[in-house]
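K.L.:
Sharing a structure below in structure tokens format, with a few things to ask.
The values are calculated or read from the model by the stated rules, or taken from the named source; none is laboratory data. No experiment lies behind these values; they were computed from the predicted model shown. We place every Cβ from the backbone using ideal geometry, glycine too, and count neighbours over all the protein chains shown. When the accessible area is computed, the model is the full protein with side chains, heavy atoms only, and any ligands, DNA or RNA have been set aside. Shrake-Rupley method; radii C 1.70, N 1.55, O 1.52, S 1.80 Å.
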Amino acid sequence: MRNMADSFWRAVAYCFHPKVIFLSLVPLILMMVIVMGLGALYWDAALQSVRVWLDASSTLDWAWLWLERVGLMSLKSVVPPLLLIVAVTPLVVVMSLLAVSFMMTPALVNMVADRRFAQLERKRGGSMLQGLAWTLLSVVLALGALVLTLPLWWLP
């Protein structure tokens, strides 16, 4: 148990190391720039597509009628951007986690190996392809968990 507590406190200390903070912020800033760029390029087209899809949907006619009856027809203009944001957010989160994992893991492993286990021989067993495969498997598992927990999002 003592080793677990020691490992925990070392991990907490590493989280405040400037190199770790930098390595965790760079992929997020990179993803932010990519998302903002894609948003600037495709937001209007995506929003128009969602509006056309909502207007063509006959199953939502009852919702639009209800909004009209209660005097909230202006909310109809809020629904397409909201749907677009709700649809894109999980993808952005997963891609951000993927970027952090792919860019940060090798650097952190090297940092811990150099600082904590410098006397150990490095076997160099893992390749970039193996790391990519593990990352993609982790993403698939995370997306599976996301899909499985989606119905629970509706519960308070």
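K.L.:
Please work out the average accessible area per residue across the stretch 61-134, using the 1.4 Å probe convention, and give it in Å².
P.N.:
76
K.L.:
Over the alpha-carbon set of the chain, divide Rg by the Kirkwood Rh and report the Rg/Rh ratio to two decimals.
P.N.:
With Rh from the inverse mean 1/r over Cα pairs, Rg/Rh is 1.14.
K.L.:
Over the stretch 10-54, one equal point on each Cα, no solvent: what is log10 I(q)/I(0) by the Debye formula at q = 0.15, 0.20, 0.27, 0.30 Å⁻¹?
P.N.:
-0.56, -0.69, -0.88, -0.94
K.L.:
Could I ask something else about it? With r defined as the distance between the Cβ atoms of Arg122 and Ala142 and R0 fixed at 25 Å, what FRET efficiency is calculated, to the nearest 0.05?
P.N.:
Once rounded, the FRET efficiency stands at 0.30.
K.L.:
Each residue of the stretch 103-120 in turn: what ³J(HN,Hα) in whole Hz from Karplus with 6.51, -1.76, 1.60 and θ = phi - 60°, glycine and Pro shown as x?
P.N.:
8, 9, 4, x, 5, 5, 4, 5, 5, 5, 5, 6, 7, 9, 10, 5, 7, 7
K.L.:
Tell me, what ³J(HN,Hα) does each residue in the stretch 89-95 have, in order and in whole Hz, if you take phi through Karplus 6.51 cos²θ - 1.76 cosθ + 1.60 with θ = phi - 60° and put x for Gly and Pro?
P.N.:
My calculation for the stretch 89-95 gives 4, x, 5, 5, 5, 5, 5 Hz in order.
K.L.:
Using the Cα centre of the stretch 49-156 as origin and beta-carbon charges of +1 (Lys, Arg) and -1 (Asp, Glu), tell me which of Leu148, Leu129, Val50 is placed farthest towards the positive end of the dipole.
P.N.:
Highest projection toward the positive end goes to Leu129.
K.L.:
Let me ask something additional. In debye, nearest 20: dipole of the chain around its Cα centre with unit charges on the Cβ of K, R (+) and D, E (-)? Kindly include the intermediate steps, with their values, before the conclusion.
P.N.:
On the way: 11 positive and 7 negative charges, 156 e Å.
The dipole of the chain has a size of about 740 debye.
K.L.:
Once phi is turned into ³J(HN,Hα) by the Karplus curve 6.51 cos²θ - 1.76 cosθ + 1.60 with θ = phi - 60°, what whole-Hz value does each residue of the stretch 42-51 show in order, with x for glycine and proline?
P.N.:
Each residue's phi maps through the Karplus curve to give 10, 4, 5, 5, 5, 5, 5, 5, 5, 4 Hz.
K.L.:
Could you work out which residue, out of Leu82, Leu136, Leu30, moves most in a Gaussian network model of the chain, that is, has the largest mean-square fluctuation with Cα springs under 10 Å?
P.N.:
Leu82
K.L.:
Among Trp66, Leu83, Ser7, whose Cα sits farthest toward the positive end of the charge dipole of the stretch 1-109 (+1 at Cβ of Lys/Arg, -1 at Cβ of Asp/Glu, about the Cα centre)?
P.N.:
Ser7
K.L.:
What residue among Phe22, Phe102, Phe117 has the largest mean-square fluctuation in a Gaussian network model of the chain, using Cα springs under 10 Å?
P.N.:
Phe117
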